[in-house]
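The values are calculated or read from the model by the stated rules, or taken from the named source; none is laboratory data. As the structure is a computational prediction, the values presented were derived from the model and not from experiment. When we count neighbours, we look across all protein chains shown, and the Cβ atoms used for this are built from the backbone with ideal geometry, even at glycine.
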There are 2 protein chains.
Amino acid sequence: MLKKKEKYVVAVVGATGAVGNEMIKTLEQRKFPVETLRLFASERSEGKKLEYKDTEITVEKLNEKSFEGIDIALFSAGAERSKIWAPVAAKSGCVVVDNSSQWRMDPEIPLVVPEVNPHDLKWHKGIIANPNCSTIQMVVVLKPIHDAVKIKRVVVTTFQAVSGTGQKAIDELLQQTTDLLNFRDVKCNVYPHQIAFNVLPHIDKFLENGYTKEEMKMVNETKKIMGDDSIKVTATTVRVPVFRGHSESLNIETEKKISPNEVRALLSTAPGIIVYDAPEKNIYPLPLYAAGKDETYVGRIREDNTIENGINMWIVSDNLRKGAALNAVQIAEKLIEMAE
Amino acid sequence: MLKKKEKYVVAVVGATGAVGNEMIKTLEQRKFPVETLRLFASERSEGKKLEYKDTEITVEKLNEKSFEGIDIALFSAGAERSKIWAPVAAKSGCVVVDNSSQWRMDPEIPLVVPEVNPHDLKWHKGIIANPNCSTIQMVVVLKPIHDAVKIKRVVVTTFQAVSGTGQKAIDELLQQTTDLLNFRDVKCNVYPHQIAFNVLPHIDKFLENGYTKEEMKMVNETKKIMGDDSIKVTATTVRVPVFRGHSESLNIETEKKISPNEVRALLSTAPGIIVYDAPEKNIYPLPLYAAGKDETYVGRIREDNTIENGINMWIVSDNLRKGAALNAVQIAEKLIEMAE
């Protein structure tokens, strides 16, 4: 458990990646009580310097003693590295907030979205899992609706930005687009097919049941975060040529009736949400505008009258912020709030 | 009714647009029995020359006598022009296949997808409506499933290419992308927001019920084409920065159980469909590859076990071909087959 202090020694593991970078920025922007910031990455990036506030911090390589003296470590270095290093960090007395998929479904490890299940932070044993980006923005919106009218089933289709894959995917979309506009051949290194001017119904690996891992994350993580196994989710996750901001088309079936106006009223007072819903004025959530913002934007709220109690909506959030870095930092902030 | 002939005098109205252009190409590619091809467009394009086979054809302006001697007219000139000119053409004894939304829901006018309801061509009175692009590819796939196990409900989210809006939208996506890569400001003329590296949950106008016209077309046209008002459809239609090829994420609830393998077997022998479904080899439908093809590609077929009888799938087709020009030409071919 975290001890109450004025300021904390914080580490970012995977500091040179797209999410790691955003974590550093988020700590600074939110004036996180940082005593010292330490940055870790793979051997390749050792010695590289990254900016935090007005200083330059040198990226270090991890070793068995790296976590000594560190209070909070934000990990975004992939499942393989988390599997090895998060327990090492936790053993050193550091609290780990891990952005990889490694620990998310471990029953011994809480999976937390601060707006939804902050209470689950109470039983952590040194590691807390940060959910999948596409799940986080969805549960932020589902939670108030579930509390009000109980959600039975969600059919979700996502439109996910390339930054969810990491910096190399951002580079690939840019490079492919530039090559196409210059009549050069396109190279595909990160994705199995061209992503520029295309959409790929393929995120993460395919499983035996025909779903991708990403789709099953949305199904399983939702139940764990919401603390309710009865919520049924079926997902189709799709990569789109957008740099930043995941969009989701949600079809929600509830137990009790709720009107679109009631949904708007409910969500407009809920934490972390901005209702952005005036289609007659061309106002609806867009990844382009949600990029760099903290909130999840909700719009296109309308009744689905093909079922008794149905609502359609369109939600957008910045996958690197609320979908990753911001949620991790918010977890750390909650831990500080709860520290004694 | 069309009279049996060796060859026909054919007109394309709206010949200079994206669909009109594709109609000319399709007539040529499919070796349509053309005696003479006449091309019409708005005043602005009068005198312009377009290629058909190895000849150049001069674009004419429409007048009251334009349709004299024409057997078949393929219209793709917008609802307003169809409203005025399709009845004029029909009165001249010409059979009109109209690609606009003008006549689609008129109970006196058949709305036809040749793979689904060719029988409806029997009762036409001079005008036949070509359905909306996003509806056509969906019903081609729904039809065999409906015949086998009856479809109760469909939740669909679309990923629609800019060419569905027309040539000026193709130009806008290209221009915005080029401007962004050159650090120039982006101009939005066709869409209310930037489409490059963005997605817009907005196709056609918004209606009072919060849905767009495009979404309601998918709901209403599906019932009419399938000849079954009991099929419930709820839709979210989204524009994506893709030049050509509409993709759709379908969640289908059927009355009787059908397994993914049975769906694959069923669809692989159905007309106009290619089952393209081997995700472990990264084989699934993509707009990039469907562009320029005639068929609707179906993949990512998997069971949705959140309901008793549920199937998810991902379908892609070329919106300018099967979604517009090809379907219109196929209707004309059927009319010839039925001519006496």
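The conditions of being farther than 30 Å from B:Met23 by Cα, more than 11 Å from chain A (Cβ to nearest Cβ) and in a helix (DSSP H, G or I) are not met by B:Glu280.
Only one of the numbered conditions (1) of a type in the set (Gly, Ala, Ser); (2) in contact with a strand residue (DSSP E or B) (Cβ under 8 Å, 6 or more places away or on another chain); (3) under 18 Å from B:Gly210 (Cα atoms); (4) away from chain B (no Cβ under 14 Å) is violated by A:Gly310, and that is (4).
Every condition in (1) at pLDDT 95 or above; (2) part of a loop (DSSP other than H, G, I, E, B); (3) within 21 Å of A:Ala339 (Cα to Cα) holds for A:Val12 except the one numbered (2).
Does A:Val97 qualify as being over 30 Å from A:Glu262 (Cβ atoms), part of a strand (DSSP E or B) and β-branched (Val, Ile, Thr)? Here the answer is yes, as A:Val97 does meet what is asked. Within the range B:243-250, is even one residue more than 20 Å from B:Ser317 (Cα to Cα) and hydroxyl-bearing (Ser, Thr, Tyr)? No, the range B:243-250 contains no residue that is more than 20 Å from B:Ser317 (Cα to Cα) and hydroxyl-bearing (Ser, Thr, Tyr). Within this structure, B:Pro279 passes the test of being modelled with pLDDT of 95 or more and within 29 Å of A:Lys232 (Cβ to Cβ). Taking the range B:331-340 as the range and being of a type outside the set (Asp, Glu) and either touching an Asp or Glu at 6+ places or on another chain (Cβ under 6 Å) or surrounded by fewer than 23 Cβ atoms within 10 Å (Cβ to Cβ) (or both) as the test, the residues that pass are B:Lys334, B:Leu335, B:Ile336, B:Met338, B:Ala339. Within the range A:291-308, being buried (at least 17 other Cβ atoms within 10 Å of the Cβ) and either on the phi > 0 side of the Ramachandran plot or out of contact with any helix residue (DSSP H, G or I) (no Cβ under 9 Å at 6 or more places or on another chain) (or both) holds for A:Arg300, A:Asp304, A:Ile307. Note on the range B:22-76: enclosed strands (runs of 3 or more DSSP E) holding 1 or more residues that are among the basic types (Lys, Arg) and closer than 25 Å to B:Ser92 by Cα are B:34-41, B:55-61. For A:Leu326, the test of being more than 30 Å from B:Thr254 (Cβ to Cβ) and at pLDDT 95 or above is passed.
For the range A:2-21, indicate whether the set of residues that are charged (D, E, K, R) and surrounded by 14 or more Cβ atoms within 10 Å (Cβ to Cβ) is non-empty. For the range A:2-21, residues charged (D, E, K, R) and surrounded by 14 or more Cβ atoms within 10 Å (Cβ to Cβ): absent.
Against the conditions (1) modelled with pLDDT under 95; (2) within 21 Å of B:Ser101 (Cα to Cα); (3) assigned to a loop (DSSP other than H, G, I, E, B); (4) not acidic (Asp, Glu), where does B:Gly292 fall short? Just the number, please. For B:Gly292, the exception is condition (2). Could you list all residues from the range B:283-298 that are facing chain A (nearest Cβ under 9 Å) and within 20 Å of the chain's Cα centre (by Cα)? Within the range B:283-298, B:Pro285, B:Leu286, B:Pro287, B:Leu288, B:Tyr289 meet the criteria. Contact map, the range A:263-283: first residue under 15 Å from A:Val139 (Cβ atoms), second residue assigned to a strand (DSSP E or B), Cβ cut-off under 7 Å, separation 6 or more or different chains; pairs are A:Leu267/A:Ile273; A:Leu267/A:Val275; A:Leu267/A:Val298; A:Gly272/A:Thr296; A:Ile273/A:Thr296; A:Ile273/A:Val298. Scan the range A:29-50 residue by residue and report those that are charged (D, E, K, R), over 15 Å from A:Ala73 (Cα atoms) and in contact (Cβ under 8 Å) with a residue 12 or more places away in the chain. Passing the criteria: A:Arg30, A:Glu43, A:Glu46, A:Lys48. When residues in the range A:204-262 are screened for being of a type in the set (Phe, Trp, Tyr) and in contact (Cβ under 8 Å) with a residue 24 or more places away in the chain, 2 of them pass.
Looking only at the range A:22-37, residues that are crowded, with 24+ Cβ neighbours inside 10 Å and over 27 Å from A:Ser101 (Cβ atoms) come to 0 in all. Scan the range B:307-328 for residues that are within 11 Å of the chain's Cα centre (by Cα) and over 19 Å from B:Val141 (Cβ atoms) and the total you get is 2.
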